[in-house]
Structures are given as C-alpha cells and as structure tokens.
Amino acid sequence: MIADIQLPASLKVGAGARFALPDMLSVLGAQRPFIIADPIMQELGVVDTFVAMLNEKQIPSAVFSNVMPEPDDSSIVAAVESVKQHNADCLIALGGGSAIDSAKAIALLASHGGQMRDYKVPHVVTQQSIPIIAVPTTAGTGSECTRVTVISDSASHEKMLCMGPGLMPKAAIIDYELTLTVPFRVAADTGIDALTHAIEAWVSKKANPFSDQQAMSAMRLIAPNLLKACKTPEDHEAKEAVMLGATMAGIAFSNASVALVHGMSRPIGVHFHVPHGMSNAMLLPTVTQYSLEAAPQRYAACAQIMGLIEDSAHIKACHEALMVFLNKLNQELGVPAMSEFGIDKAHYDSITALMAEQALASGSPANNPLVPDKDALIALYQQAYR
C-alpha cells in the first residue's frame, strides 16, 4: 500500500508562534493578505491584534469577520467578492474550524469560480488557489492541516464534503495560547471532535503507517488532558497537549479519512444546527459499540494507547474500558442527549432516511470497519437518539 501523504509546507508550533505571521507572509511573497475570521474573534480584539501586528511591518490587510458557525455556501458569497476586489494574494484564516473551512472555500471560489456543490465529493479538488495561512484558535478540527472543507448547501441542506490537495493550507500557526480564553463548551466540543478524528483515522480502512503514528500520538495527548484543558483552562500544559494532539489528529484523518461517526454527524449538524463536535460526541459511543467486532484489535489498542488499561489486558476488557471512558467523557463534559439539545423526536424520525442517504453519499461510512447499509444507518440513528 502506497500512502499519499500531504501536509502544509510550513508549520510554526508553540507558545508565541503567532508572532511569526509577518515572516511567513514574507516567505510566501504575499503583500496583500486578507484575514478571514468570525465575529467572536473580532469582538475579542484578536483580529485587531493581528491587523496591528501586520501594520507594524508595513503590511496592509483587509478583513472579513462575518464567518458563520457551520458555514453554508450563501455565507461566503460576500467574502469571495471582497477577496477578488482586494486582489488578495494570501488568506489568513483566523479562528476555529468554521473560519478555516470558510477560508478554503473562499480561496477556491475566488480563484476558480463556480459553486461549492461543483467541488463536493467525488470531485477531487486539485486546483491550486490563493494560499492560506491557517491560525486555529480552538483545539479540535485540525483543519489547518487537512485537505478537506465542509460547507453546507443552503438549498438542499446537505453538508458537502469537499476534498483534494488544492484545499491544503500552505502554512499553519499552532499557538496554544490562542486557546486559553476559549469558553468551556467550545473547548469540550472541539476537543471531542479531535479525539474522534484520531480514533476514526486509527480504525479507518484507509489507515496507513504514517497516519497511524499521528493518530497514536494524538490519542496519547488528548485522552489524559482533555478534561483538564476544559475544566482548568489556566493549565497551560494540558492546553498545549490538546492543541498539539488536535493538529496531529487532523494530519491523521486527512491522510487516512474519517469514518462513520463523521458521516452520520454531518446531517445532524445541518438539519438540527448542532455544533459539529457536539454531534460527533452524541454519536461516538453508539458508533464505537456498533463497530467493535469488525476491528477488535484496533479498538482494543485505542484503550491501551490512551492509557485506559494495561497493554496485556484481554481484548474484551479493553473494549469495556474504551466504552466506559467515552460515555464518562461525555458525561463529564456535559454533552447533552439529543432530546436535551431540543431535537424533536417526531421531526428526527421523519428525516432519518434522508440523513442516512446523505451520510452514505459523503463516502465516510465506507471507511468504517463495519460498513452499514441504509437500513442499518437508520437503526443507528434511532439508537443514538436519547
């Protein structure tokens, strides 16, 4: 098996790495950067800090700070036009996964035109677009190191998965200090998202020796530190571990793919406006239990890698330890049941068939150790509702 490994050309990692941004722009030869951010980054003054940093180096910049959570194709239209009018030669994606995913889509459409639905899987995005420097401010999506973006179709209410080397950021800045003020709920949801990336990359049918190393490192970093990072945000060591783990998990799944949890999660997110990491958390225990028997050694290794049980433990004991951990993690991090979130059961039941079709169309379930058909997916959706 030959693995096709793709990464950003440059990574700056560590406390204070954000201050390397002007030098990174210089290396790229960029003179007209355009910052893509969400309103929270603007309100917190983070955007102004970055603009001031660039001004000090005589680098003028423009800003679009209206990225919406769980972005759809209509939300990026204004930004695409602004980027073209500015004649931007680099996008700085500043924020969480929504900002980075939006920047990837904006760069693609500003460079090549068309609609996002033109680029969804099975299409492979090979076209090179305006280069992106990704600066994540949450520890979760790993989008700064992936060749993936997810944008909803505002007409069909489908979360469109777009993939290809043309979506890989040119560079990324991994500075955990940018996550120190992240609210608990965001830290929890994005952290579970990162752990899901690592687990799914590890059990994916497309896993390879390179992605395995990244997934193992991610699990070792995230599992023992996520609760501390969320509940004790002043714990710099825990914050740094989760941030680094999230990036490694992003590298892992970008080079091995996610699987059934993400396939099922996207429709829940778009139909019921559940944050992506939270919808993953709602599904992770159910999907893991469903998949255990199809990859018993791999799931047993998850428990061992995370330090949940001794390496010599029996497979069944490893599986039990893993399930206890995942359920307890959701409880400790306050992940709501779907009913508690406000998802109406009657409405949910009425669209489970549609969600199953959308999940299968994304291709992600095909990477799962146990691949469900439509009926099995409907049953899993029903089982996951609480």
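Looking at the range 367-379, can you tell me whether even one residue there is assigned to a helix (DSSP H, G or I), closer than 26 Å to PRO122 by Cα and within 21 Å of the chain's Cα centre (by Cα)?
yes
Could you give me the residue pairs with C-beta distances under 7 Å whose first residue belongs to the range 180-205 and is farther than 15 Å from LEU244 by Cβ and of a type in the set (Phe, Trp, Tyr), whose second residue is modelled with pLDDT of 95 or more and surrounded by 24 or more Cβ atoms within 10 Å (Cβ to Cβ) wherever it lies, and which are 6+ apart or on separate chains?
Here the result reads PHE184/CYS230; TRP202/ALA215; TRP202/CYS302, each pair linking the range 180-205 to a residue that is modelled with pLDDT of 95 or more and surrounded by 24 or more Cβ atoms within 10 Å (Cβ to Cβ).
Give just the number: which of (1) outside the structural domain of GLN58 (by TED's automatic domain parsing); (2) closer than 20 Å to ALA105 by Cα does ALA3 not satisfy?
Against the list (1) outside the structural domain of GLN58 (by TED's automatic domain parsing); (2) closer than 20 Å to ALA105 by Cα, ALA3 comes up short only on (2).
Give me the residue from the range 361-386 that is farther than 19 Å from LEU284 by Cβ and touching an Asp or Glu at 6+ places or on another chain (Cβ under 9 Å) and, out of that set, surrounded by the fewest Cβ atoms within 10 Å (Cβ to Cβ). Give the steps one after another, and end with the answer.
Start the filter on the range 361-386 by keeping residues that are farther than 19 Å from LEU284 by Cβ, which leaves 361, 363, 373-375.
Then drop every residue that is not touching an Asp or Glu at 6+ places or on another chain (Cβ under 9 Å), which leaves 361, 374.
On the way: ALA361: 17, LYS374: 13.
Looking at the filtered set, the residue picked out is LYS374.
Within the range 61-95, can you find the residues that are in a loop (DSSP other than H, G, I, E, B), modelled with pLDDT of 95 or more and on the phi > 0 side of the Ramachandran plot?
Listed by number, the list holds a single entry, ASN87.
For the range 120-175, how many residues are among the basic types (Lys, Arg) and under 12 Å from the mean Cα position of the chain (by Cα)? Spell out the reasoning first.
Just the residues of the range 120-175 that are among the basic types (Lys, Arg), to begin with: 120, 147, 159, 170.
Checking which are under 12 Å from the mean Cα position of the chain (by Cα) leaves us with 147.
The total comes to 1.
Sort through VAL186, VAL150 and tell me the only one that's hydrophobic (A, V, I, L, M, F, W, C), part of a helix (DSSP H, G or I) and either under 29 Å from TYR299 (Cα atoms) or in contact with a Phe, Trp or Tyr (Cβ under 8 Å, 6 or more places away or on another chain) (or both). Break it down into steps so the answer makes sense when it comes.
On the way: VAL150 fails: part of a helix (DSSP H, G or I).
Within the list VAL186, VAL150, the selection yields VAL186.
Quick check: anything in the range 284-302 within 18 Å of SER364 (Cβ to Cβ), of a type in the set (A, V, I, L, M, F, W, C) and surrounded by 21 or more Cβ atoms within 10 Å (Cβ to Cβ)?
For the range 284-302, residues within 18 Å of SER364 (Cβ to Cβ), of a type in the set (A, V, I, L, M, F, W, C) and surrounded by 21 or more Cβ atoms within 10 Å (Cβ to Cβ): present.
Give the number of residues within the range 190-210 that are surrounded by 24 or more Cβ atoms within 10 Å (Cβ to Cβ) and not aliphatic (A, V, I, L, M). I'd like the intermediate steps shown before the answer.
Residues of the range 190-210 that are surrounded by 24 or more Cβ atoms within 10 Å (Cβ to Cβ), as a first pass: 190-204, 207.
If we keep only those that are not aliphatic (A, V, I, L, M) too, we end up with 190-191, 193, 196-197, 200, 202, 204.
Going through the range 190-210 one residue at a time, the tally reaches 8.
Restricting the range 177-187 to residues that are under 16 Å from the mean Cα position of the chain (by Cα) and not β-branched (Val, Ile, Thr), which is surrounded by the fewest Cβ atoms within 10 Å (Cβ to Cβ)?
Result: ARG185.
Would you point out which residue out of ALA256, ALA249, ALA218, ALA201 is in a helix (DSSP H, G or I) and over 17 Å from ALA172 (Cβ atoms)? Spell out how you get there, then give the answer.
On the way: ALA256 fails: in a helix (DSSP H, G or I); ALA249 fails: over 17 Å from ALA172 (Cβ atoms); ALA218 fails: over 17 Å from ALA172 (Cβ atoms).
One residue alone meets the criteria, ALA201.
Could you list, in sequence order, all residues of the range 28-60 that are part of a helix (DSSP H, G or I), under 24 Å from the mean Cα position of the chain (by Cα), surrounded by 14 or more Cβ atoms within 10 Å (Cβ to Cβ) and not aromatic (Phe, Trp, Tyr)? Please lay out each step first, then the result.
Of the range 28-60, the ones part of a helix (DSSP H, G or I) are 28, 39-43, 46-56.
Still in the list and also under 24 Å from the mean Cα position of the chain (by Cα): 39-43, 46-47, 50.
Subset that is surrounded by 14 or more Cβ atoms within 10 Å (Cβ to Cβ): 39-42, 46-47, 50.
Passing the criteria: PRO39, ILE40, MET41, GLN42, VAL46, VAL47.
Take SER254 and decide whether it is at pLDDT below 95 and touching a Gly at 6+ places or on another chain (Cβ under 8 Å). Full working, then the answer.
Working: at pLDDT below 95: yes; touching a Gly at 6+ places or on another chain (Cβ under 8 Å): yes.
Yes, satisfied.
Being hydroxyl-bearing (Ser, Thr, Tyr) and under 21 Å from the mean Cα position of the chain (by Cα) is the filter; apply it to the range 283-315 and report the residue that is nearest to MET219 (Cα to Cα). I'd like the intermediate steps shown before the answer.
First, the residues of the range 283-315 that are hydroxyl-bearing (Ser, Thr, Tyr): 286, 288, 290-291, 299, 312.
Subsequent filtering for residues that are under 21 Å from the mean Cα position of the chain (by Cα) retains 286, 288.
Details: THR286: 19, THR288: 15 Å.
Among them, the one singled out is THR288.
Checking the structure you have, find out if any residue of the range 263-280 is within 22 Å of MET355 (Cβ to Cβ) and basic (Lys, Arg).
Checked against the condition, which is being within 22 Å of MET355 (Cβ to Cβ) and basic (Lys, Arg), the range 263-280 yields at least one hit.
From the list GLU340, GLU310, which residue is within 16 Å of ALA384 (Cα to Cα) and among the acidic types (Asp, Glu)?
On the way: GLU310 fails: within 16 Å of ALA384 (Cα to Cα).
The unique qualifying residue is GLU340.
Checking the conditions here, which among LEU25, LEU7 is part of a helix (DSSP H, G or I) and either closer than 17 Å to GLU144 by Cα or not acidic (Asp, Glu) (or both)? I'd like the intermediate steps shown before the answer.
Numbers: LEU7 fails: part of a helix (DSSP H, G or I).
None of the others qualify; the one that does is LEU25.
From LYS228, LYS239, LYS206, which residue is of a type in the set (Lys, Arg) and over 22 Å from LYS328 (Cα atoms)?
Selected residue: LYS206, the only one of LYS228, LYS239, LYS206 that is of a type in the set (Lys, Arg) and over 22 Å from LYS328 (Cα atoms).
The values are calculated or read from the model by the stated rules, or taken from the named source; none is laboratory data. Please read these numbers as outputs of a predicted model, since none were measured by experiment. FYI the Cβ positions are ideal-geometry reconstructions off the backbone, even for glycines, and counts take in every protein chain you see.
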